[in-house]
Amino acid sequence: MRGAMPTTVEEFREQVPLTTYGDYLPELAQKREDVLPAKVARWVRTSGKTGEYEVKWVPMSEDFARESERFGGAIVFLSTCDNRGDTSKVKKHFKLLLSMGPPEYVSGALVHLTQQAIGCDLLPSHGEGMPFQDRMKAGFEEALYRGLDMIGSLPSVLVAVGEQFKQRSRKTNIRPLLSHPRALFRVIKALTKSKLAHRPMLPKDLWSLKGIAGSGADSGIFRKKVEELWGRPLLEMYSGTEGAYYAIQTWDYEGMTFVPYLNFFEFIPEREWFKWQLDHSYQPKTILLDEVKAGENYEIVITNLHGGIMTRYRIGDVIRITSLRNEKLNIDIPQMMFERRADELIDITGFGHLTEKLIWEAIENTGIPYVNWTARKEMVEDKPILHLYIDLKDNYIASEKTIAAAVYDELIKLDSVYHYNIYIAYGDPESVLGLKPVQVTLLPQGAFSSYMAQRQAEGADLGHLKPPHINPSDRVLSLLGAPRVVVEAVPVTEAERAAAR
């Protein structure tokens, strides 16, 4: 705070600068508790920035943990209720599947705080220290004979697990269940349900879940699929390592309502963000929660309450205000949805946040000659991929699959820290989630020069002649001559990987 001692919100915003994680180095990276304003209950981590800091460590004060615990309990009630005041579904020995990361990750820490709040049973009973994949397997096996009331996870994980149930239902072997009558009865009942419905067995045939909660940028994409597989709507949360819970849906499953008592919120309007993009020495102006406008996008800024350390901290996310209040439920707090990363990073499970620089460096490291490229996140078979559109030069001949394999390998090398963190928390993305997250489309030769000529003919100014490298629109891809149909990414063989190298 540079020695400032503000006494009003206005003085606080005038005197205290906006911050990013680099402003808390090296103290937080070293987990120094002597410089913190309150006693630490636990440290939580997330991936750092390649080449700058390997891990983001964030302290959670005792008061902040206590408030997060209370809200964890609230999430259980919100995800299970059908109307205001409905708490009937949460009873003693309520069973919650431990399907988040280890306790040192904020997702795992919040699950354990939730357990403290309502005294629920975590499945599996002895899952601490297990790799994610083993823990999930043990949890579902235990749920066969003990039952399951709620699951909270990344929506992409819920869909991947549900699809695995579908694939394995035709090969169900009930012999191992003969010694567990309850599990045997549950499986036979589920198989009967699925046969009567003329489809493979789904998780919803095995368990009648009382609640599902999930957090992630892809929540909106996977919402329908999660309900089809699991039989219960997904309650969407907006959360993060630096501030725990930011917003959550209620029992109408519409926009997310801000959680106003864990963090103090400020919002950078898009026009201010654009000014900052042009000049990083510019200090963007912020507005408060009672000043946001429906339909507008904002970069979100948080200040931890309850002894937290993050102060006027830029999370790096852009949210959209969908309405100023929830009219249906008479909730007088603005409603929001997650829009994108502020710097338009491409967020792919297994790679994390891919920057323009990182993708460009990976392409360069392959040694494949190219004119230019553009890339964006797309969905193939309900799974997120990095789709790279590239214009090769010098009549270079290579298959799309070979280039995809080469880029994939280079990205893993360049962002190995994030990949390691994901591996530790969730297991290998390819084997656990079935993800092969890079696809390449070769553009017609001269695609980028043709694009610039078309834009010049349209009267575009100099700054808009070139297509963006990150997240091009459908129209941009059309002008580049990219095919409209997206084909599913095909697994690459080791021979093709060797050829690419």
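FYI, it's all coordinate maths here, none of it is from the lab. This structure is a prediction, so every number in the text was calculated from the model and none was measured. Cβ coordinates were reconstructed from backbone atoms using ideal geometry, including for glycine residues, and neighbour counts include every protein chain displayed.
Taking all Cα pairs closer than 8 Å and separated by 6 or more residues, the relative contact order of the chain comes to 12 percent. What the Kirkwood sum gives for the chain is a hydrodynamic radius of 24.8 Å, with every pair of different alpha carbons counted.
Only the Cβ atoms of Lys and Arg (+1) and of Asp and Glu (-1) were treated as charged; on that basis the dipole of the chain about its Cα centre amounts to roughly 2240 debye. For residue 285, give me every one of the lysines with a C-alpha distance below 21 angstrom, ignoring sequence neighbours fewer than eight places off in its own chain. Result set, ordered by chain and number: 275, 293.
Working note: 222 nm ellipticity from helices only, DSSP H runs with n ≥ 4, each -39,500 (n - 2.57), summed and divided by the residues of the chain, gives -10500 deg cm²/dmol to the nearest 500.
A cut-off under 12 angstrom between Cβ atoms defines the neighbours of residue 328, and their net charge, with Lys, Arg +1 and Asp, Glu -1, is -1.
Each peptide in 469-480, 111-122 gets a packing score, the mean of other Cβ atoms within 10 Å over its residues, and the list from highest to lowest is 111-122, 469-480. When peptides 319-326, 282-289 are ranked by their average number of other Cβ atoms within 10 Å per residue, the highest-first order is 319-326, 282-289. Here the peptides 133-140, 15-22, 3-10, 391-398 are ranked by packing, the mean other Cβ count within 10 Å, and the order with the highest first is 133-140, 15-22, 391-398, 3-10. The tail of the calculated P(r) for the stretch 293-415, taken as Cα-Cα distances beyond 18 Å, holds 66 percent of the pairs. Partners of residue 92 within straight-line reach, counting aspartates and glutamates whose Cα lies under 13 Å from its Cα and excluding those fewer than 8 residues away in the same chain: 121, 149. Which Cα, out of 207, 9, 154, lies furthest along the positive dipole direction of the chain (beta carbon charges, K/R +1, D/E -1)? Selected residue: 207.
Kirkwood radius, the stretch 1-91, all distinct C-alpha pairs, inverse of mean reciprocal distance: 16.5 Å. Compactness of the stretch 64-151 was expressed as the Cα radius of gyration divided by 2.2 N^0.38 Å, which yields 1.07. One way to sum up the overall shape of the stretch 63-236 is the equivalent ellipsoid from its Cα gyration tensor, whose semi-axes run 26, 18, 16 Å, largest first.
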